[in-house]
Amino acid sequence: MTSPNDVPPEVDMYTPSPARIYDYVLGGKDNFEVDRAIARPILEQAPALRDLAVANRRFLERVVHYMVHECGIAQLLDIGSGLPTANNVHQIAQRINPKARVVYVDNDPTVHVQAEALIVGDQFTRYVDGDVRTPERILSHPVTRELIDFTQPVGVLFVSLLQFVHDSDDPHGVVARILDEMPSGSHVGIAHVTDHGIDPVVHKKIEEMYASVPNRFYFRSREQVARFFSGWDIVPPGVVYGNDWIVTAESVATTQLPMNFWCGVARKP
Ligand SMILES: C[S@@+](CC[C@H](N)C(=O)[O-])C[C@H]1O[C@@H](n2cnc3c(N)ncnc32)[C@H](O)[C@@H]1O
């Protein structure tokens, strides 16, 4: 399941984790009191945050469906995958193509432990303990190399991850490094939280929620998000709010929940 160097680490249940806070916001069970204590009062004051997280999840589902069903992509690299919830990327992909391969990547030990439990015995789905800020390790990892054939189109996902990467860690540079490795016909899907048009209460509460975790949170503009796709062909309708990202009848948004995320998909020429 993992390389010999990737023994699942100890989970620290006394330090809040962004992945577990997100799990709690989504209504999941894989979180500790330290995480709930941060998220609970904030959700009470800004319940729209839960809708935002659900809407993000729905975007992810539509993108995976589009990549696998419409584009015939049979291998996905999901970076900043988060904790397994219902309807995970490998489950969506493998319902369409039972042999679709999925590599999940995250830097949170809780995600590592949960992912290993969920995908045990699944030869088409693996987990890599990796940090997007060190792309070489993800790209050269033996599990990535075993599951992903870099001569065939890859679907790369950075869904609600890049807002955790500060400008000083060069998010555009690390995304470009990963995308450089992908062959023609590959697709990338990105969702990134924005403060554009956001309810000021929700804005303040998001900042409060992540102020006490090790990873801070950074809003970016549409132009900054569009730059992640540089050199790739943006799939219509372009970089839009998540609920407006509609490509086919099958990928129509199933919710009219609020969606202050800039989202897009692009194809490598
Ligand atoms: C908001 S969750 C998004 C999960 C999933 N992609 C989704 O959209 O439902 C963000 C995830 O990114 C992970 N993350 C944050 N910083 C990271 C980094 N530098 N490298 C890898 N993963 C990171 C967190 O651990 C968390 O699981």
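FYI, it's all coordinate maths here, none of it is from the lab. Remember, it's a predicted structure, so these values are computed and weren't measured experimentally. We place every Cβ from the backbone using ideal geometry, glycine too, and count neighbours over all the protein chains shown.
Observations on the structure shown:
- When the square roots of the Cα gyration tensor eigenvalues are ordered a ≥ b ≥ c, the ratio a/c for the stretch 18-267 is under 1.5, which makes its shape rounded.
- In sequence order, the stretch 189-202 has phi-based couplings of x, 10, 10, 9, 5, 10, 9, 5, x, 7, 4, x, 5, 4 Hz under the Karplus curve 6.51 cos²θ - 1.76 cosθ + 1.60, θ = phi - 60°, and Gly or Pro positions carry x.
- Taking the chain as a Gaussian network of alpha-carbon nodes connected by springs under 10 Å, the highest mean-square fluctuation of the residues GLY189, GLY197, GLY155 belongs to GLY197.
- Counting beta carbons within 10 Å around each of PHE164, PHE124 and listing the fewest first gives the order PHE124, PHE164.
- Global geometry of the stretch 6-65, whether rounded, prolate or oblate, following the gyration tensor of its Cα atoms and the 1.5 cut on a/c: oblate
- Top positive-direction residue, dipole computed over the stretch 18-267 with Cβ charges, set PRO171, ILE138, TYR241: TYR241
- Within a Gaussian network of the chain (alpha carbon springs, distance under 10 Å), most fluctuating of SER140, SER81, SER160: SER140
- Bridge type composition, the chain - antiparallel percent by DSSP, nearest 5: 40 percent
- Close amide-amide hydrogen proximity is noted between GLY185 and LYS268, each under 5 Å apart and 5 or more residues distant or on a separate chain (H modeled in the peptide plane; Pro and chain starts excluded).
- ³J(HN,Hα), Karplus 6.51/-1.76/1.60, whole Hz, each residue of the stretch 158-170, x for Gly, Pro: 10, 9, 6, 10, 5, 5, 8, 10, 6, 3, 5, 9, 6
- Most simply put, the stretch 62-158 has about 0% antiparallel DSSP beta bridges, counting only bridges with both residues inside it.
- For the chain, built as a Gaussian network whose Cα springs stay under 10 Å, the top-fluctuating residue of GLN94, GLN123, GLN163: GLN123
- ARG40, ARG267 arranged by Cβ crowding within 10 Å, fewest neighbours leading: ARG40, ARG267
- Residue exposure proxy: MET67, MET209, ordered by other Cβ atoms within 10 angstrom of their Cβ from fewest to most, comes out as MET209, MET67.
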